[in-house]
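Report on the following structure.
The values are calculated or read from the model by the stated rules, or taken from the named source; none is laboratory data. Everything numeric here is computed off the predicted structure, so don't read it as measured data. Note that each Cβ is placed from the backbone with ideal geometry, even for glycine, and that neighbours are counted across all protein chains shown. The accessibility values were calculated without ligands, DNA or RNA, using every heavy atom of the protein model including side chains. Shrake-Rupley method; radii C 1.70, N 1.55, O 1.52, S 1.80 Å.
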Amino acid sequence: MTSLDSALRPRLPSPLREMADDRFERHGVRLLLKRDDLIHPELIGNKWRKLAPNLEAAAGRPLVTFGGAYSNHLRATAAAGRLLGVPTVGVVRGQELADRPLNPSLARCAADGMRLHFVDRSTYRHKAEPETLAAILRAVRAEEAYVVPEGGSNAEAVRGCTALGAELRGVADVVAIACGTGGTLAGLAAGLGAGQRALGVPVLKGGFLAADIRRLQEAAFGGPQGTWSLDERFHFGGYARTTPELDAFADDFEQRHGLPVERLYVAKMLYALVALTEEGAFPRGTSLAATVTGSPFPAPPAG
């Protein structure tokens, strides 16, 4: 057990539960839920798996990281900072938000001690460029901080996420996960065994994620690892977007299984799996593991 594990006491491996659901059973598909949402009450799901190796690497230095107004990653980083006594700064996309009341997500970050720094969207797009990053670090007076990228996805995080795949070796043919920045999928695929594949459901529009995943695997492992694919049809309008159809699906899933369904990631992944099963994407006899990466939090209005 690492010192970080001793301090934060994660529940690992996370529980795996078989679910009885006729929408899968009538097609001969076995549905399992990988409950990464139960790893830690505040560093939930893939946020633990990606943050933990970065927290170890930071070695107590202040953390600077990036995200949008509803970023799960910002909340997890702020919580980690509070629990470990480490200062945190969150660089938030959207200068216009600086003069508005904080939404529930950013208010939680601030309550956990994170200093919020709002930047315009053009600056945010260039945040990984050395000159722009250096200017941001000067502006927040944190030149010596450890920088964690948006979504927590870097080589350290990808290597940390291989443990998710290792926990699922031999128990599922296909492992599905909702994708934001692609780091979890990159590590998951690398950790799975022969004959298994990872399926990513992007929650953002744009079609850029496959190239990002390849770059992350190159940085983490020196080249491609594992078998993975993306289905980009189920973003429901893009990041932090939902629709009445998605909300109704999530409500129904909650009633069927007694499981609160996070809308911005998990609901889209589960919806995709039902649709793909009905399309015949999974042969009869397939074992399908759906990774629950988060729990519900107040979200923006549908639209």
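Some values worked out for this structure:
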| quantity | calculated |
| --- | --- |
| Prolate/oblate/rounded call for the range 167-255, Cα gyration tensor, a/c under 1.5 rounded | oblate |
| Assigned charges on the beta-carbon of Lys, Arg, Asp, Glu; the range 1-92 dipole about Cα centre (debye) | 80 debye |
| Dipole magnitude (debye, nearest 20) for the chain, charges at Cβ of Lys, Arg, Asp, Glu | 380 debye |
| Mean residue ellipticity (222 nm) of the chain, computed from DSSP H runs ≥ 4 via -39,500 (n - 2.57), nearest 500 | -12000 deg cm²/dmol |
| Among [x] 22.2, 94; [y] 24.0, 87; [z] 18.7, 58, the entry derived from the coordinates for Rg and Dmax of the Cα atoms in Å | [z] |
| Signed unit charges on C-beta, dipole axis of the range 182-303, positive-most listed residue Gly222, Phe208, Gly285 | Gly222 |
| GNM top mover of Pro283, Pro260, Pro202 - the chain, alpha-carbon springs below 10 Å | Pro283 |
| Net lengthening on full extension, Ala248/Arg17 (0.36 nm per residue, minus Cα-Cα) | 80.8 nm |
| For the range 3-83: relative contact order, % (alpha-carbon pairs under 8 angstrom, 6 or more apart) | 26 percent |
| Span from the the range 197-273 Cα centroid across to the the range 1-58 one, whole angstrom | 16 Å |
| Where labels lie 7 Å past Cα in the beta-carbon direction, separation of Arg256 and Glu218 in nm | 4.0 nm |
| Where Rh is the Kirkwood radius over Cα pairs, Rg/Rh for the range 50-174 | 1.02 |
| Apportionment of accessible area to carbon and sulfur, the range 143-186, percent (1.4 Å) | 47 percent |
| Rounded accessible area per residue of the range 1-160, 1.4 Å, Å² | 45 Å² |
| GNM flexibility winner over the chain from Ala166, Ala79, Ala98 (Cα, springs under 10 Å) | Ala98 |
| GluC sites (Glu not before Pro) within the range 171-280, DSSP loop, no more than 11 other Cβ atoms inside 10 Å | Glu279 |
